[in-house]
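Q: Once you've had a glance at the structure underneath, I'll fire off some questions.
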Amino acid sequence: MKIGELAARASLNASAIRYYEKMGVLVAPQRIGGQRRYPSDALHRVLLVRFATNMGFTLAEIKLFLSGLRDNTPVGPRWKKLAARKLAEVEQNIARSLKLKSLLQGLLRCHCPSLQFCVNRLSRSENLRLPQNFRR
């Protein structure tokens, strides 16, 4: 299939398909008369890349997942390895986001009379770690 058909079937722009090729997550297709001609299984890869990027995986992570992957290769072990790494990253992001949420909720109640007073007050907060030289 041509690049436009592949892009339409995957609900992407053709530029995204070319970018996936450039980044190495999609194998460069055969060219006929100067036009890219993709095999039917290219759609599966593009849809997987789209799904994985929507879930927060980077193209580098996706490239690693897809490297050496053949149509009949079981993908479970690869998913488990990639998911375990990503889960740790997500847990860190959740912890950081919860800390930020708590801080922002506190800032919504701010009635500090000055910036200095505010910084001094925040420096005592468990949700914010200011450098030692700011603490008084």
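Q: Between residue 124 and residue 60, what is the label-to-label distance in nm when each label sits 7 Å out along the Cα-to-Cβ direction?
A: Rounded to a tenth, the inter-label distance reads 4.3 nm.
Q: Working from Cα positions, state the angle (0 to 90°, nearest 10) between the long axis of helix 42-54 and the longest principal axis of the chain.
A: 0 degrees
Q: Okay, moving on. Quick one: dipole size for the range 36-95, taken about the Cα centre, charges +1 on Lys/Arg Cβ and -1 on Asp/Glu Cβ, in debye to the nearest 20. Intermediate values should be presented prior to the final figure.
A: Details: 11 positive and 5 negative charges, 50 e Å.
Roughly 240 debye for the range 36-95.
Q: Want the number for residue 43 to residue 101: 0.36 nm per residue separation, take away the alpha-carbon distance, what's left? Walk me through the intermediate numbers first.
A: Values: separation 58, 0.36 × 58 = 20.88 nm, distance 3.98 nm.
That works out to 16.9 nm of additional length.
Q: Looking at the chain, how many pairs of lysines come closer than 21 Å at the Cα, when each pair is eight or more places apart or spans two chains? Kindly include the intermediate steps, with their values, before the conclusion.
A: Numbers: 2/22; 22/63; 63/80; 63/81; 63/86; 86/99.
Pairs that pass both the separation and distance tests number 6.
Q: Please give the per residue volume of the convex hull enclosing the alpha carbon atoms of the chain, rounded to a whole number of Å³.
A: On the way: hull volume 24.0 nm³, N = 136.
Residue-normalised Cα hull volume stands at 176 Å³.
Q: Something else now. Whole angstrom only: what separates the Cα centroid of the range 81-125 from the Cα centroid of the range 1-16?
A: Result: 41 Å between the Cα centres.
Q: 5 Å is the cut-off here: which amide hydrogens, built 1.01 Å from N in the peptide plane, fall below it relative to residue 36, excluding neighbours closer than 5 in sequence?
A: Close amide H contacts, sequence-distant or interchain: 3.
Q: Subtract the Cα-Cα distance of residue 110 and residue 83 from 0.36 nm times their separation in residues, and report this length gain in nm to one decimal.
A: Values: separation 27, 0.36 × 27 = 9.72 nm, distance 4.00 nm.
Roughly 5.7 nm would be gained on extension.
Q: May I ask for the net charge around residue 53, where only other residues with Cβ less than 13 Å from the Cβ of residue 53 are counted and Lys, Arg are +1 while Asp, Glu are -1? Please report the intermediate quantities before stating the final value.
A: Numbers: positive: 45, 50, 63, 86; negative: 61.
Net of charged neighbours comes to +3.
Q: Given R₀ = 22 Å, what would the calculated FRET efficiency be for residue 30 paired with residue 72, taking r from the Cβ atoms and rounding to 0.05?
A: Working: r = 22 Å, r/R0 = 0.98.
In this case the efficiency is close to 0.55.
Computed from the coordinates by the stated procedures, all read-outs in this text should not be read as laboratory data. Computed from a predicted structure; not experimentally measured. Ideal geometry is used to build each Cβ from the backbone, glycine not excepted, and the neighbour counts take in all protein chains shown.
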